1. By counting other Cβ atoms within 10 Å of each Cβ, how are Glu310, Glu50 ranked from fewest to most?
2. What FRET efficiency, computed as 1/(1 + (r/R0)^6) with R0 = 41 Å and r the Cβ-Cβ distance, is obtained for Leu374 and Leu230, rounded to the nearest 0.05?
3. Extension gain Leu100-Glu356, at 0.36 nm per residue separation less the Cα-Cα distance, in nm?
4. Taking only Cα atoms and a 10 Å spring cutoff, compute GNM fluctuations for the chain and point out the largest among Met375, Met27, Met80.
5. Rounded if a/c is under 1.5, else prolate if a/b beats b/c, else oblate: with a ≥ b ≥ c from the C-alpha gyration tensor eigenvalues square-rooted, which is the chain?
6. Contour minus end-to-end for Leu336 and Arg84, with contour as 0.36 nm per residue of separation and end-to-end as the Cα-Cα distance?
7. For Arg15 and Arg387 in the same chain, what is the full-extension length gain: residue separation times 0.36 nm, less their Cα-Cα distance, in nm?
8. If packing is taken as the average count of other Cβ atoms within 10 Å, what order do 277-285, 172-180 fall into, highest mean first?
Amino acid sequence: MTEAKPELAKKNQARIPSIDVLRGIVMILMALDHARVYFGPTPFDPADPETTTPGWFVTRFLAHFCAPVFVFLAGTSAFMVYSRGMSRSALSRRLLFRGLWLILIELTVVNTGWGFMFAGVWILQVIWAIGVSMVVLSALIWLPVPVIGAVGLAMIGTHNLFDSYSPASQSTYVQDTWTLLHVQQPLATFGATGSGFPRVLVVYPLVPWIGVMAAGFAFGALLRTHKRHLACIAIGLACLGLFLALRLTNSYGDPYKFTNHSDTAITLMSALHTNKYPPSLQFLLLMLGLPILSMPILDLLAARAGRFVEPVRVFGNVAMLYYVLHIPLTHVLSGLLSLVLYDQWIAWVFTGNYPEGYTPKLWLVYAAWVPIVLMLYPVCAWYASYRKRNRRWWMTYI
């Protein structure tokens with residue numbers, strides 16, 4: 001029996017500009033956040049309204065959009081591939097092998113770029129979460145698209161019910177399983193003394209990132225309809241409305257409570273301060289609601305001012321290459337600056353043992369961020385052009 005393909009209008013199967021533009025925007029913001037990590041590490045949490053300043057808070061807040069959009073659009077892009085005629089079986093294999101490849105890249109190339117491997121540590125971050133989510137999605141795509149979306153939304157909406165659960169009385173294997181799923185902390189078993197493996201820190205627990213990608217896949221079906229802009233506006237406003245209702249009532253969906261302060265800036269920061277590790281329901285409603293709401297505007301900009309939007313779209317079109325390159329570039333440049341200023345490499349960035357005379361400077365973060373993005377553009381533009389002219393199987397992995 002011939003496998004059924006999605007029933008989509010042929011004229012709606014072109015590449016949707018806002019996907020690449022939105023992904024390009026978050027790639028650029030991601031470079032800002034990582035410039036902050038390397039060029040402006042702070043002895044305080046820049047996202048904590050009680051200890052930070054508005055400048056540091058906004059810089060960190062902008063970066064919060066990156067991972068949710070990156071993961072969500074990875075699911076959307078998978079549906080776009082399916083909608084252009086790829087069979088479910090072929091897409092399932094592609095997601096499975098791409099997911100495994102991303103996990104390998106996280107443990108090797110990305111960790112080396114950050115410098116963690118030199119310290120004997122594996123850090124499981126966003127590429128790991130995307131990789132595992134793709135592996136899971138490779139199985140989920142055999143379900144009807146509405147069911148995939150329902151699974152994703154259920155995971156996003158209910159996982160905060162388990163925030164208070166702790167398997168402390170269980171075996172270390174049970175504890176580590178729960179860590180992989182829902183807690184940002186080191187694994188107790190893998191990498192233990194004498195195991196012969198590096199220590200492992202789970203920065204991105206898998207729940208609800210798997211659900212975010214599944215929801216993104218179902219969202220792709222909406223983008224292939226003739227009323228996709230209305231759908232984006234409705235979904236975006238619904239997300240933001242629910243965020244405000246939950247946030248202002250402190251009823252459900254985030255461990256950080258909204259509090260009023262005599263200082264208006266602190267009150268606003270408290271309203272926006274939601275939990276990213278793992279991403280709470282409130283966090284995802286805000287960080288996905290605004291980008292989804294912006295997609296009709298981005299499509300319009302791409303149509304009316306394509307020449308100015310194209311550089312951003314390039315970054316979104318080759319997001320994986322950009323991601324892999326920007327980390328070692330940021331690392332090396334900040335290391336060279338650290339040698340000049342403090343006569344030592346930047347290992348202190350991650351230890352908190354700041355060199356004598358160090359003071360975090362926000363202007364330095366932005367002064368470093370812009371050249372980093374500009375240096376990456378020629379390579380990304382060349383590869384985007386080369387990939388367009390020369391389709392090779394291995395290009396799906398970069």
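No lab work stands behind these numbers, since they all come straight from the coordinates. Fair warning: this is a prediction, and the values are worked out from it, not measured in the lab. Every residue, glycine among them, receives a Cβ derived from its backbone with ideal geometry; neighbour counts consider all protein chains shown.
1. In increasing order of surrounding Cβ atoms, one gets Glu50, Glu310.
2. 0.65
3. Length gained, Leu100 through Glu356: 87.8 nm.
4. Met375
5. Details: a/c = 1.32, a/b = 1.25, b/c = 1.05.
Here the chain falls in the rounded category.
6. 86.1 nm
7. Full-extension gain reported as 132.4 nm.
8. In decreasing order of mean packing, 277-285, 172-180 become 277-285, 172-180.
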